[in-house]
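Here's the structure we're looking at; comments come further down.
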Amino acid sequence: MANKDVTQAISYAVRTRPGLSMDDLILCCAPYSWNQVILELDELVRSGAVTMKQGQGLHMITPCSSRTKERSYTLEASRILHLRSQV
């Protein structure tokens with residue numbers, strides 16, 4: 001249940017403040033530890049719900065569009081097929 005709450009807090013923060021820095025995200029999710037936030041953020045990035053890009057020394061977090069999700073799934077599938085072909 002706690003993970004769902006952290007996920008909702010992160011999703012709300014990213015939706016309402018696209019381009020949010022990692023530091024700002026941690027502050028927006030103040031009731032939770034930075035470790036909880038980082039773990040859930042990792043899951044959201046891996047699932048394609050948000051993107052995280054580094055620029056000017058900061059990690060910026062933005063929600064994914066459906067087009068971005070399609071592209072990331074296609075790239076991931078290509079990478080998996082490539083890795084399997086090398087075995």
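Find the residue count for the stretch 21-58, including only residues that are of a type in the set (Val, Ile, Thr), over 14 Å from LYS4 (Cα atoms) and in a helix (DSSP H, G or I).
First pass over the stretch 21-58, keeping only residues of a type in the set (Val, Ile, Thr): 26, 37-38, 45, 50-51.
Keeping just the survivors that are over 14 Å from LYS4 (Cα atoms) gives 26, 45, 50-51.
Of the ones still in play, those that are also in a helix (DSSP H, G or I) are 26, 45.
Summing the residues that are of a type in the set (Val, Ile, Thr), over 14 Å from LYS4 (Cα atoms) and in a helix (DSSP H, G or I) in the stretch 21-58 gives 2.
Set side by side, the residues SER78, SER72 differ, and just one is surrounded by fewer than 16 Cβ atoms within 10 Å (Cβ to Cβ), modelled with pLDDT under 85 and in a helix (DSSP H, G or I), which is SER78. Could you grab me the full set of residues in the stretch 1-20 that are more than 16 Å from THR51 (Cβ to Cβ), part of a helix (DSSP H, G or I) and not β-branched (Val, Ile, Thr)? Scanning the stretch 1-20 gives ALA2, ASN3, LYS4, ASP5, GLN8, ALA9, TYR12.
The values are calculated or read from the model by the stated rules, or taken from the named source; none is laboratory data. Computed from a predicted structure; not experimentally measured. Please note: Cβ atoms are built from the backbone with ideal geometry, for glycine as well, and neighbour counts cover all protein chains shown.
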